[in-house]
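Enquirer: Dropping the structure in here first, questions after.
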Amino acid sequence: MTETAAIELKGISKAFGPVQANKDISIKVMPGTIHGIIGENGAGKSTLMSILYGFYKADRGEIWINGKKTEIPDSQAAIAAGIGMVFQHFKLVQNFSVLENVILGAEDGALLRPSLNKARGVLKHLAEEYELQVDPEALIEDLSVGHQQRVEILKALYREADILILDEPTGVLTPAEADHLFRILNGLREEGKTIILITHKLREIMEITDTVSVMRRGEMTATVKTAETNPEQLAELMVGRKVLLQVDKVPAKPAEPVLEVSNLRHIDEDGVERLKGIDLTVRAGEIVGIAGVSGNGQSELMHVLGGYGHATGSIKMNGQELDLTGKHSDGRSRRDRGIGHVPEDRHHEGLILNFSAWENSVFGYHHGPETGSGMLMDIKAMKQEAQAKMDRFDVRPPHPWLAAKNFSGGNQQKIVLAREIERNPDLLLIGQPTRGVDIGAIEFIHQQIVQLRDAGKAILLVSVELDEIMSLSDRIAVMFDGQIMGERLPSETDQTELGLLMAGVTNPKELAHG
Amino acid sequence: MDLAVIIQVLDSSIRLSTPLLLACLAGLFSERAGIFDIGLEGKMLISAFASAAFAFTTGNVWIGLMAGIGASLALSAIHGLASITFRGNQLISGVALNFLASGLTVLIAQNWFKQGGRTPTIPEEQRFQDITLPFADALRDVPVFGPIYSDLISGHSALAYIAFLMVPLTWWVLFRTRFGLRLRAVGEAPDAVDTAGVSVIGLRFAAVGTCGVLCGIAGAYLATSLQAGFVKEMTAGRGYIALAALIFAKWRPWYALMACLLFGFLQAVALRFQNIRLGDFVIPVQLMEALPYILTVVILAGFVGKAIPPRAGGEPYVKER
Amino acid sequence: MDKMPAWADAVLVPLISVFLAAAISALVILSIGENPLNAFSIMVEGALSSSRGIGYTLYYATNFIFTGLAVAVAFHARMFNIGGEGQAMIGGLGVALVCLFIPWPHWSLALLGATVIAALFGAAWAYIPAFLQAKRGSHIVITTIMFNFIAFSLLNYVLVNMLKPQGSSDPATARFPEATHLPTFQSMFSTADNVMFRNAPANVTFFIALLACVAVYLLIWRTRLGYELRSFGQSETAAVYAGISPVKITIVAMLISGGLAGLMALNTTMGEAERLVLNATEGAGFIGIAVALMGRSHPVGILLAALLFGFLYQGGTELAFWTSIPTQLIIVIQALVILFTGALDNMVRMPLEKIFLNIRKGDA
């Protein structure tokens, strides 16, 4: 092949402290194609694209644009090189009009009027050419998410970008909006633009890309032609061929229902319905795993169950109705009702990073007997108790006085886990138990969860790691777009079927075998 | 109350509104760019001193003005360094600069002039002169309009006219120029500005600098136009009233004019009448003095239209994906 | 891992900041033609070398302990209470009312009553900004600034129109009755043939300030409320996860903060002036900001910083008396301390972190 690549990355490496986000990544994208980059959360996709857009500087490696070696120290250089980027979180000024957002940074002179007039014309032209209709005078805050995304694309096109990078563009879109986006992307490809699509949804890759690269743990594991691959193969490449972590467990003996959720709905601050009528039951002595791509309502479900986040519908705990809106809808009341909660985000929720381990080991239970019965908290008892918990959960280093931020991810998670499990809850909510946790600790954490189940407790597990869901759960519920798509037994399903359910495909068997 | 008294009070309102307006617009530039500035008071104060000191020593009020602007800009530079470069706490920096101005002015004044922390009185001809507008004398006898034009609109110093002209100018810069667009954007969404390839730091320093210039003019007006020299703490909380006016105006130039005129009027009335008698009920002068602050709290509480500050206000910008 | 050890962050950074502030202050003194060393020795002489000087130093320190603690408690909940001045004014009003209108049999009872009222009044004045912050999201910094001015006007009105004795032109109350006069250090520590703390205003309130330090220490680090307050200050999202109500913590923290600021009035109004004057607070509410920043919001640090500022105030007064340096030098120093410890601390921290990183690399 003699054609020059639109983008060629050669041996890009980038580390954040001890974390190697990108390891020696090379990739070639031909002009006029859509190239997908797929991988799990934290695989390093976004870091790679941020390097390409001048947000981060690579530690090593070269960027070649249209056959020319190009330095991209900042966004300005990226724009000059013809690269446009549509970020996952839009970079728009909310109370500006569409036009103002489009010309920002690309004005033609010191006065606005000529720029605005020119942009109005260009936008009209672009709208007709690529189905990118947006009212140019509308304020961003009045636009739907889908329209806001069009503004981002318009911004790039207005700057005459030939290369368009889209980072998880459909994560925030409804299926109809996503279809429209794909029509736009197809139109752009026909005009000879080069598009990089970052996603973790297999369906999108299959639907629109020409080639696809798979990233895993900072490394590029494969680049293949989309026509020559299939979802199963990609899923395998994404999660790797590594042996499933074997968890020793006997079959569950589910008893009476502990948690009964019915028709649970939650609307977030922006007025978006995040939970659309969830029905779910967790029984004593079983682990129910919720699989799903992140952002499909799992976090909201955990928040509502954990007592923060108003909702409608019904949650029963041991047969008793829980308060969903009143003054008993807080974390403290939930804990009093026997609900333990290992939150998904231990840095922003589960721990106070600047607090010592012993202070963190009573977090949320500081009104309970752990802190003594007097006016003043019994610090000595708290420290002893924390030491004991840390020993039992093998937290290293075993120093209760050390600030939480000084522990590794795995040990931080053990501190949270110890706090919640040692409280002996009837129900344990546990989100992303092994995110950012080293292999050694993963096994330990899994054992603890299974032990709690065997002690007759109910466990609701949320994880984006399919392996984890598969190996831990006694029953799997798949969430997509605020709904439960279906429930499966781990013995009767596989990663492919679950992956397709997670992508919102309602009839996966048909698609996979048809 | 006859027309003459009303015109006197209104004239005094304009004089008292002028420094508020300049400081308020100064704050507007800074806060629109996302840098909170509770140091308006300090910048005005240090400029009042510097302008008076230099106007007196050189005998040239314009050199005084330049010195005032320079002193105010020096404080702006520190504020920029603390809140933009070193991403420090903007509020604490503002508080510190207010004290710095409060202390330094008296310290230097005492050292230079040995008059108990004030400057000597600047002779009339070395201050900003009141400008008589064309035909002011000729039109004086026209009923109603005559006195309004001759005694109210005419007869203020150049700086006062500059202040009022700054309102349309500020509006024009903010909403009709590239600089204004970027300035407003950086106060709302610095990440949008950054990804558009424009320097967040450069814009914010420009805004803080503009704020310094306007505060400098405000201080010079106080010491070389409204009064005849510097006395300690002569700003007397005007920087905070300007801040209140800015919130009252919801960070918009024309509203700022209205708010400053209103607060200037309240000050003028409090000065002129002390306690106001309405039948049996007496409005105490203290209430008039406190009214700007009370009104601002009411606005802040969102009971009368919500005052929404620029979204990125007060937050140092850290590059993030 | 931390970029540098905790002790460096807690001690070295503020120390270097204070050193920078001191160095620039020395330059200021030099530039107005005085000798900084000479000035320093006059300050030490005036503030520390006699029991009278110490009495003044401790009097000022008492004010700064209260206002410093007030700012610190709010800081722990990540709020900037700039309204200590107004809260102290209103606290003073409470003290005056209690002293003037209740016939106290003994100073100790009067002190007890005044303590309760001063705290209540100060807290009440902090309540509205706190409520507006918690419920309506009104920025507490702006509202507390506004409330300082409103407090001044209110106090001015009450003094002029209600509490001023007839025939007086001074906006101040009548002198408090004899029974409410607090024991001064002079009356407490002098013996028949050895008069200590002669005419110095330090009084029994100093010990209340020390008690307040202990109380705040216990509150912040030993009670569940303090634990919640610190949690909220560190991370609001985590606090919500743990079932801590942001509204409740915001209001409670500000009530405590306002109460502490109000207590300052005991020292100035009941202890020293023995009547309420319009300008009783004399900016001590703002010095609390410097004290809290320098003391790293810890009662021990605040006590030390308050003593330092007490020394600066008394020393500065002496300095103005003996040299051509006006007392405003103290305000400059205060400004520099706030600037370096509060706003420019990254300027000190960033190079330090680099140094420690290099040291570590060298070790490895």
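Enquirer: Rounded, prolate or oblate, given the Cα gyration tensor of chain C, with a/c below 1.5 counting as rounded?
Expert: Cα axes put chain C in the oblate bin.
Enquirer: Return the equivalent ellipsoid semi-axes of the protein assembly as shown as a descending list in whole Å, where each equals the square root of 5 times an eigenvalue of the C-alpha gyration tensor.
Expert: The three semi-axes for the protein assembly as shown are 57, 40, 28 Å.
Enquirer: Excluding residues fewer than 8 places away in the same chain, name every one of the lysines whose C-alpha is closer than 21 Å to that of A:K414.
Expert: Partners within reach: A:K249, A:K383, A:K389, A:K405, A:K457.
Enquirer: List, largest first, the extents of the alpha carbons of region B:168-244 along their principal axes, each in whole Å.
Expert: 49, 22, 21
Enquirer: Let me ask something else. Under the Kirkwood approximation applied to all pairs of distinct alpha-carbon atoms, what is the hydrodynamic radius of region A:7-239 in Å?
Expert: Kirkwood radius, region A:7-239: 18.2 Å.
Enquirer: Something else now. Please build a GNM for chain B, connecting alpha carbons under 10 Å apart, and tell me which residue among B:S72, B:S17, B:S199 fluctuates the most.
Expert: Largest GNM mean-square fluctuation: B:S199.
Enquirer: Same structure, new question: From the C-alpha gyration tensor of chain A, pull out the three semi-axes of the equivalent ellipsoid (sqrt of 5λ each), sorted largest to smallest, in whole Å.
Expert: Computed over chain A, the values are 43, 25, 25 Å.
Enquirer: Evaluate 2.2 N^0.38 Å with N set to the residue count of chain B, then give the Cα radius of gyration divided by it.
Expert: My calculation over the Cα atoms of chain B gives 1.02.
Enquirer: Along Cα→Cβ, 7 Å out, is where each label goes; now give me the distance between the ones at A:L111 and B:T121 in nm to one decimal.
Expert: Distance between the two pseudo-spin positions: 5.0 nm.
Enquirer: By the scheme Lys and Arg +1, Asp and Glu -1, what is the net charge of all other residues having a beta-carbon under 10 Å from that of A:F407?
Expert: Its environment carries a net charge of +3.
Enquirer: I want the local charge near B:H156. Using Cβ-Cβ distances under 11 Å, sum +1 for each Lys or Arg and -1 for each Asp or Glu among the other residues.
Expert: -2
Enquirer: I would also like to ask the following. In nm, to one decimal, how far is the C:A174 label point from the A:A227 one, both placed 7 Å along Cα→Cβ?
Expert: Going from the C:A174 label point to the A:A227 one covers 10.4 nm.
Enquirer: How much FRET efficiency would the formula 1/(1 + (r/R0)^6) give for B:E233 and B:L271, where r is the Cβ-Cβ distance and R0 is 25 Å, rounded to 0.05?
Expert: That gives a FRET efficiency of 0.90.
Enquirer: Using only helices, what value at 222 nm comes out for the protein assembly as shown when you add -39,500 (n - 2.57) per DSSP H run of length 4 or more and divide by the total residues, to the nearest 500 deg cm²/dmol?
Expert: Calculated at 222 nm, the ellipticity per residue is -16500 deg cm²/dmol.
Enquirer: Most fluctuating residue of C:F321, C:F75, C:F152 in a GNM of chain C with Cα springs under 10 Å: which is it?
Expert: C:F321
Enquirer: Something else about it: State the dimensionless ratio Rg/Rh of region B:195-321 (Rg: radius of gyration of Cα atoms; Rh: Kirkwood radius).
Expert: 1.07
Enquirer: Say each of C:L109 and A:K253 gets a label point 7 Å from the Cα, pointing the same way as Cα to Cβ; how far apart are those two points in nm?
Expert: 7.2
Enquirer: Another question, then. What net charge do the residues around B:L183 carry, taking every other residue with its C-beta under 11 Å from that of B:L183, with Lys and Arg at +1 and Asp and Glu at -1?
Expert: So the environment of B:L183 carries a net charge of +3.
Enquirer: Quote the relative contact order of region B:17-236 in percent (integer), defining contacts as alpha-carbon pairs under 8 Å separated by 6+ residues.
Expert: Reported relative contact order: 41 percent.
Throughout, read-outs are computed from the coordinates displayed, never taken from laboratory work. Please read all numbers here as calculations on a predicted model, not as lab measurements. Here Cβ is always computed from backbone atoms with ideal geometry, including for glycine, and neighbour counts include all displayed protein chains.
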